[in-house]
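The values are calculated or read from the model by the stated rules, or taken from the named source; none is laboratory data. This structure is a prediction, so every number in the text was calculated from the model and none was measured. Here the Cβ positions follow ideal geometry from the backbone for every residue, glycine too, while neighbour counts run over all protein chains shown. With ligands, DNA and RNA removed, areas are computed over all heavy atoms of the protein, side chains included. Shrake-Rupley method; radii C 1.70, N 1.55, O 1.52, S 1.80 Å.
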Amino acid sequence: MEHELKEFIKKCDSAIKREDFDTLMNYYTEDAILVVKPGMIARGKEEIKKAFIAISKYFNNTLAPTQGEMIILEAGDTALVISQTLLDADKKDNEFAMERRATYVFKKNSQGEWLCAIDNSYGTELINK
């Protein structure tokens, strides 16, 4: 049986592709963090939204993330997602890998809905930077 987080992440990826950042922010906790790039972290929904707008612009407004293989480790109201994240965009000449081993942390809110608390598309590559 497919884990519900797989569909949730597809919705997030779709919102990024459509540049629907208002909807995307509904999928984050209030105190979420986003690893924008190694050494740069956006904190909270306002900073994360600004970061996604800048990231989209960096990729010439063509960024289309998808997920490949995915492992979900769930304990109570917390889940760690380890995912093969694939980034497609018109901009191919950039310094960041377009295939990543991402790590995401999700928490269930009081209504039982999953929300992203840590969005790290670089995964353990942060150690090497």
Taking Rh as the Kirkwood radius computed over C-alpha pairs, what is the Stokes-Einstein D of the chain at 10 °C in a medium of viscosity 1.306 mPa s, expressed in µm² per second?
107 µm²/s
Carbon and sulfur atoms account, in whole percent of the 1.4 Å probe accessible area of the stretch 1-93, for 52 percent
With each run of n ≥ 4 DSSP H residues scored as -39500 (n - 2.57), what mean residue ellipticity at 222 nm is computed for the chain after dividing by its residue count and rounding to the nearest 500 deg cm²/dmol?
-8500 deg cm²/dmol
Using the Karplus curve 6.51 cos²θ - 1.76 cosθ + 1.60 with θ = phi - 60°, work out ³J(HN,Hα) for each residue of the stretch 56-65 in order, rounded to whole Hz, and write x for Gly and Pro.
4, 5, 4, 8, 6, 6, 10, 5, 9, x
Treat every Asp and Glu Cβ in the stretch 46-92 as -1 and every Lys and Arg Cβ as +1, leave all other atoms uncharged, and give the resulting dipole magnitude about the Cα centre to the nearest 20 debye.
360 debye
Out of residues 5 or more away from A32 or on other chains, whose amide H comes under 5 Å of its own, with H placed 1.01 Å from N in the peptide plane?
G44, K45
What's the ranking of 71-82, 27-38 by average number of surrounding C-beta atoms within 10 Å, highest first?
27-38, 71-82
Among N109, I41, F8, flag the residue with its Cα farthest along the positive direction of the charge dipole of the chain, charges on Cβ as +1 for Lys/Arg and -1 for Asp/Glu.
I41
Counting only heavy atoms of the protein chains, get the accessible area per residue of the chain (1.4 Å probe) and round it to a whole Å² value.
59 Å²
Percent RCO, i.e. relative contact order, over the chain, from Cα pairs under 8 Å lying at least 6 residues apart
23 percent
Output ³J(HN,Hα) for the stretch 8-16: one whole-Hz value per residue in order, computed from phi by the Karplus curve 6.51 cos²θ - 1.76 cosθ + 1.60 with θ = phi - 60°, and x for Gly and Pro.
4, 5, 4, 5, 4, 4, 5, 5, 5
Once phi is turned into ³J(HN,Hα) by the Karplus curve 6.51 cos²θ - 1.76 cosθ + 1.60 with θ = phi - 60°, what whole-Hz value does each residue of the stretch 111-117 show in order, with x for glycine and proline?
8, x, 9, 6, 9, 7, 9
Amide proton proximity set for Q67, modelled H, under 5 Å, gap of 5+:
L86
Mean separation of Cα contacts under 8 Å (at least 6 apart) over the residue count of the stretch 1-47, i.e. the relative contact order in percent, is 24 percent
List the residues, sorted by chain then number, that are 5 or more residues from R101 or on another chain and whose placed amide H is less than 5 Å from its amide H.
T85
